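The values are calculated or read from the model by the stated rules, or taken from the named source; none is laboratory data. Keep in mind it's a predicted model, so treat the numbers as computed, not measured. A quick note on method: Cβ atoms are made from the backbone with ideal geometry, for glycine too, and the neighbour counts reach across all protein chains shown. Keep in mind that these areas ignore ligands, DNA and RNA; they rest on the heavy atoms of the full protein, side chains included. Shrake-Rupley method; radii C 1.70, N 1.55, O 1.52, S 1.80 Å.
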Amino acid sequence: MVVDVGNAVGDVEGTSEGSAGGIGRRKVLGWGGLAAAGVVAASASPADALEAPRKGAGATDAGSGAGATNAGSGAGAADVGSGPGERVPPDALPGGALDRYVAELAAEDEFSGVLLLSYRGRTVLSRAYGMADEELGVRNHVGTAFNLSSASQPFLAVAVMQLVQAGAVGLADPVGAHLTGFPTDIAERVTVHHLLTGTGGLDAPMPDWNRVFHSRDEVREQHRLWTHQARLVAAPGSADQGHTPGGGVGLAIAARIVEAVAGTTFWDYAHEHVFTRAGMTGSGFYTRTQWLSDPRIAHPYARQTDGGRVDVVRHLDRGSTADPIEGRNPARAFIGHSSGDAFATAPDLVRFAHALRDGTLLSRPYAELLTGAKLPSRNPRSFTGYTGPLHLLNGDQWTFGRGGGNAGCGADWTVYPDTGWTGVLLSNYDDFPMVEILQLQEQVITGQDGTPPGGG
């Protein structure tokens, strides 16, 4: 069955900006959420930034010595919104604690990328540091697209939920309702819900991370073959397998369901019904050819054992030097797929967040279904959603989003739906103190101590 979801998901395009979320201490998360420890400790401290005297409200040049580009709104940002409780915290503004901390990291070459905060549709803080392509002398700027690693998995979840909203797919549908050639136990017992929560009870061989792909067709065929290597090893719904090959192959099966129902490739569906619909004009599943040739896409610089960094899109023989993703290189894949490696700009991720809220991508009930808690986690205030974590801050405020990382890549976006904040942190380094930045971000936005973020 081929379904037209054009009218089912609305025609409004998102136009707003801003947000960020979580990972583990000095770690970036690779394919399937696998953690890769960074190798350089930051000399700057978030606590120092909070305690240091703040520059004047017009201080929009923080970090300019490190090549910062500012797109913040300056002194007027303090008055974003109207009414009681709608003033922006000073430490979220240009010259505030978060701005100063990231500027110090960039000045020490411990951060390269973009930081963006948005509040109720207005940009509060926007900074870009470092080089998108050192060889050609191209700097990062707010419109630079970065590899998201597994932080792009929610694009798949949106695609599936659009088909659910259109009545073409059911969350309780078993795999066999849409695909053939799977063992009976998978075809009849593993559901779409299981695939999106990483609880399908599946296992599969670890992909060959050293293989270099050369076309979209080759990547798509490999994912098709990989899904048919899946085996049921646990009762569906019994355990979270999101950080395992079983979780990854479950997402690949979900992408194949999108293709079977929509009658197009997952990439083309995402381009038309997710990126274009949300107004994400600088984002997409870009190929290695585009990564090499388009100056708008940041090259990934992976830390090496000699202490230097290498552009791994130009050097496919090089990769990460950190466990457990040692040797991996996202550019070898030629193009990302269901488990991750889409590209996005920071403003586009804010547009994505707003498109989830305003009915552009999904009607409100289905957007709430997408972003709602599905399963409890070990932390009593953390939950699993569809391809992403959710957290309760102080027991009364939700956050959702996704983090990820790989060789030369680190990304995170977090949405605070109850207060209208969105934070985006994108980098083309893999050894920067991501968790410290995100904890400080949460602290300056909420006034609470940042809790160890999750997801990825």
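Quick notes
- Members of segment 202-242 that are in a loop (DSSP other than H, G, I, E, B), under 17 Å from residue 330 (Cα atoms) and open to solvent by 30 Å² or more (accessible area, probe 1.4 Å): 206, 207, 208, 209, 210, 211, 212, 214, 215
- The condition (being at pLDDT below 95 and touching a strand residue (DSSP E or B) at 6+ places or on another chain (Cβ under 7 Å)) is satisfied by just one residue among 290, 241: 241.
- Among the candidates 357, 402, 364, residue that is among the basic types (Lys, Arg), open to solvent by less than 30 Å² (accessible area, probe 1.4 Å) and in contact with a helix residue (DSSP H, G or I) (Cβ under 9 Å, 6 or more places away or on another chain): 402
- When each of 318, 256 is tested for being part of a loop (DSSP other than H, G, I, E, B), open to solvent by 10 Å² or more (accessible area, probe 1.4 Å) and modelled with pLDDT of 95 or more, the lone residue that passes is 318.
- Filter result for the condition that a residue is within 25 Å of residue 299 (Cβ to Cβ), touching a residue at least 24 places away in the same chain (Cβ under 8 Å), open to solvent by 10 Å² or more (accessible area, probe 1.4 Å) and small (Gly, Ala, Ser), over 107, 151: 107
Residue by residue, here is whether (1) of a type in the set (Val, Ile, Thr); (2) not in a helix (DSSP H, G or I) holds:
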position: 161; (1), (2): no, no
position: 164; (1), (2): yes, no
position: 168; (1), (2): no, yes
position: 180; (1), (2): yes, yes
position: 187; (1), (2): no, no
position: 194; (1), (2): no, no
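- So residue 407, is it buried (at least 24 other Cβ atoms within 10 Å of the Cβ) and either closer than 30 Å to residue 319 by Cβ or without any contact (Cβ under 8 Å) to a residue 60 or more places away in the chain (or both): yes
- Residue match in segment 285-296 (condition: under 17 Å from the mean Cα position of the chain (by Cα), in contact (Cβ under 8 Å) with a residue 24 or more places away in the chain and either surrounded by 15 or more Cβ atoms within 10 Å (Cβ to Cβ) or farther than 23 Å from residue 217 by Cα (or both)): yes
- Of all residues in segment 198-236, those satisfying the criterion of being of a type in the set (S, T, N, Q) and out of contact with any Phe, Trp or Tyr (no Cβ under 9 Å at 6 or more places or on another chain) are 199, 210, 229.
- Members of segment 229-259 that are of a type outside the set (A, V, I, L, M) and under 27 Å from residue 166 (Cβ atoms): 236, 237, 242, 247, 248, 250, 256, 259
- Count of segment 142-159 residues, restricted to those that are more than 17 Å from residue 291 (Cβ to Cβ) and in a loop (DSSP other than H, G, I, E, B), is 1.
- Output for segment 218-234, where each listed residue is polar (S, T, N, Q) and touching a residue at least 24 places away in the same chain (Cβ under 8 Å): 227, 229
- Checking every residue in segment 439-451 against the condition of being buried (at least 24 other Cβ atoms within 10 Å of the Cβ), polar (S, T, N, Q) and over 12 Å from the mean Cα position of the chain (by Cα) gives at least one match.
- Residue within segment 415-428 that is under 30 Å from residue 253 (Cα atoms), over 13 Å from the mean Cα position of the chain (by Cα) and of a type in the set (A, V, I, L, M) present: no
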